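Shown next, in structure tokens, is the structure this report addresses.
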Amino acid sequence: MLIENPLNSSELAFPILECFHIVGFAISVGTIWLVDFRLLGFGMLRESPSQLAKDTFFWTLGGLILMLFSGLMLFSSGPEDYYLNYAFDFKMLFFVSGIIFNYTVHRRTVQSDAPGGGKLVACISIGLWSLVIFGGIFIGFLNSTLDIHHI
Amino acid sequence: MTIPELSHAIQSLGLMTYIRESGYTYPMIMSTHLACIGVFGGFILLTDLRLLGWALTDIPISTVINGLRVWKRVGFCIMFTMGFLLGTSEMDKYYANPYFQTKMLLLVTVAVHAIVFKPQVYDHPEWLDKAPRTPGVAKVAAICSLLIWIAIPCMGRMIAYYEPPKAQQVLSTEGDARNYSVHVSPTEAQERRLRISSDGRG
């Protein structure tokens, strides 16, 4: 069975999708880190963390959706290049953890607005999303653990 | 000294050679470069969206601009340093790359944007709060900034996919018996294909 993915018929499709992926990540991770910086006592100190989270909610969600869908399309261009790549496993582990953390612990901490609280939560959030970025870059630099084309 | 020779001399510096040849230093620097896009890029997009009235509308413009100013500068410095290391360590490959050239040109427009709009918009954000509606000049600044800052990472990504017409290029220098053979390493797209066709274990 051979189904040609239309993404592989154009040289430009992959890099253009990557551009969407990067813009989506800049919006989503940027807005999440904006709130994290506030929890750490940096940035827009005149506003409460909960106010910032409320105002960025839809931009974070929109950025995540753009990032997720462009990412799924990138993945579809050569799934075997990805799921056999340790960096991809690493990225997915931290991506799923990041999403779950963001909409559970992070969300509750931000909404409580406890003075001085949430520094650890902010550090974990920044750390998780940084690891997602590092994993993403390393996908291009690590070889797959197994070459499916030679089996 | 011609541009190819100069490029080769730059990437032959000890630090640049080390970055290019070490397995993981290059991607570590690139990841840091990308992480700074999260901080700096995300914050700049938010500032622009606030000026346009599309995001953070409950928060005064001055709070957004003053609160994020330092962090955008810190992010920019780290991002620029990392980008400088990435670019100079692969200078042979980059100097003739049209996407790289476009990216450098866009960085010049960033400076022009700052010269044009900084005194009116970014230095006195309190004035923007008092205005009944966000003044046109602030919106123009935001739109220009959005376009430039979305184009820059896109050009950055495209750099990796440009395939030069010739893979090998030999330079000879006058009065010098040696010939500098400039090895142009494969682009990311070529590497992807190579990886698929090789045994996959590098």
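The values are calculated or read from the model by the stated rules, or taken from the named source; none is laboratory data. Treat the numbers as computed from the prediction; the structure is a model and nothing was measured. Ideal geometry is used to build each Cβ from the backbone, glycine not excepted, and the neighbour counts take in all protein chains shown.
Checking each residue of segment B:79-89 against the condition of being more than 8 Å from every other protein chain (Cβ to nearest Cβ) and over 14 Å from the mean Cα position of the chain (by Cα) gives at least one match. For the structure I just gave you, tell me whether A:PHE88 is crowded, with 16+ Cβ neighbours inside 10 Å, over 29 Å from B:VAL64 (Cβ atoms) and not basic (Lys, Arg). For A:PHE88, the condition - crowded, with 16+ Cβ neighbours inside 10 Å, over 29 Å from B:VAL64 (Cβ atoms) and not basic (Lys, Arg) - is met.
Among the residues making up segment B:24-54, a single one is in contact with a Ser or Thr (Cβ under 6 Å, 6 or more places away or on another chain) and within 8 Å of chain A (Cβ to nearest Cβ): B:ALA35. May I ask you to verify whether B:VAL170 is closer than 29 Å to B:MET79 by Cα, of a type in the set (A, V, I, L, M, F, W, C), modelled with pLDDT under 85 and not in a helix (DSSP H, G or I)? In short, no.
Screening A:GLU47 against (1) surrounded by 15 or more Cβ atoms within 10 Å (Cβ to Cβ); (2) free of Cβ contacts under 8 Å to residues at least 40 places away in the same chain; (3) in a helix (DSSP H, G or I) leaves a single unmet condition, (3). Only one of the listed residues (A:LEU17, A:LEU61, A:LEU66) is more than 7 Å from chain B (Cβ to nearest Cβ) and over 12 Å from the mean Cα position of the chain (by Cα). That residue is A:LEU17. Candidates A:VAL35, A:VAL29: the one that is touching a residue at least 60 places away in the same chain (Cβ under 8 Å), part of a helix (DSSP H, G or I), surrounded by 13 or more Cβ atoms within 10 Å (Cβ to Cβ) and more than 10 Å from chain B (Cβ to nearest Cβ) is A:VAL35. Where helices (runs of 4 or more DSSP H) sit wholly within segment B:1-79, those with at least 2 residues that are charged (D, E, K, R), surrounded by 20 or more Cβ atoms within 10 Å (Cβ to Cβ) and in the same structural domain as B:GLY136 (by TED's automatic domain parsing) occupy B:42-51.
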